[in-house]
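The values are calculated or read from the model by the stated rules, or taken from the named source; none is laboratory data. Keep in mind the model is a prediction, meaning the values are calculated, not measured. Note that we place each Cβ from the backbone using ideal geometry, even for glycine, and neighbour counts take in every protein chain shown. Just the protein is used for accessible areas: all its heavy atoms, side chains included, with ligands, DNA and RNA removed. Shrake-Rupley method; radii C 1.70, N 1.55, O 1.52, S 1.80 Å.
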Amino acid sequence: MFFALSSLWEGLPCSVIEARLSRLPVIAYDVGGISEVIVHGNNGFLVKSGDWQGLATHMVQVIVDPLCYRALAKHEDALSDFHNQTMVKNHKILYQKLLNPTP
């Protein structure tokens, strides 16, 4: 399995982070903040926006080449900021600051 995203416009989609937390290789257009998480050839493939043939080529590559798949899936991502406990803690801090702003 892998995760493919063909959106032409994105920020940093949660789906990409969730795919990597699930150890899925990601194949996506290089738009928005996706390149902050996906490093071409390390944990997935980034393709120029709108290049559906490039997207398809990398999808086939991941399907037919088990060594490529394993290398992309096993890549150690630096995603500790996106784990549930960290996200909840950071949101609580943000809300506390919003409710109790310092003068």
Carbon + sulfur, % of accessible area of region 23-103 - ligands and nucleic acids excluded, 1.4 Å: 59 percent
For q = 0.10, 0.13, 0.18 Å⁻¹, Debye-computed log10 I/I(0) when each Cα of the chain counts as one equal scatterer: -0.34, -0.51, -0.81
Accessible surface, per residue, of the chain when the full set of protein chains is kept, probe 1.4 Å, Å²: 67 Å²
GLN85-GLN53 pseudo-label distance in nm [points 7 Å out on the Cα-to-Cβ vector]: 4.9 nm
Taking N as its residue count, the alpha carbon Rg of region 32-90 over 2.2 N^0.38 Å: 1.36
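Do any trypsin sites (Lys or Arg not before Pro) in region 1-63 lie in a DSSP loop with no more than 14 other beta carbon atoms within 10 Å, and if so, which?
Sparse-neighbourhood loop trypsin sites (Lys or Arg not before Pro): ARG23, LYS48.
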Relative contact order computed over region 1-46 (Cα-Cα under 8 Å; 6+ residues apart), in percent: 40 percent
Efficiency of FRET between GLN61 and LEU12 - r from beta-carbon atoms, R0 25 angstrom, step 0.05: 0.55
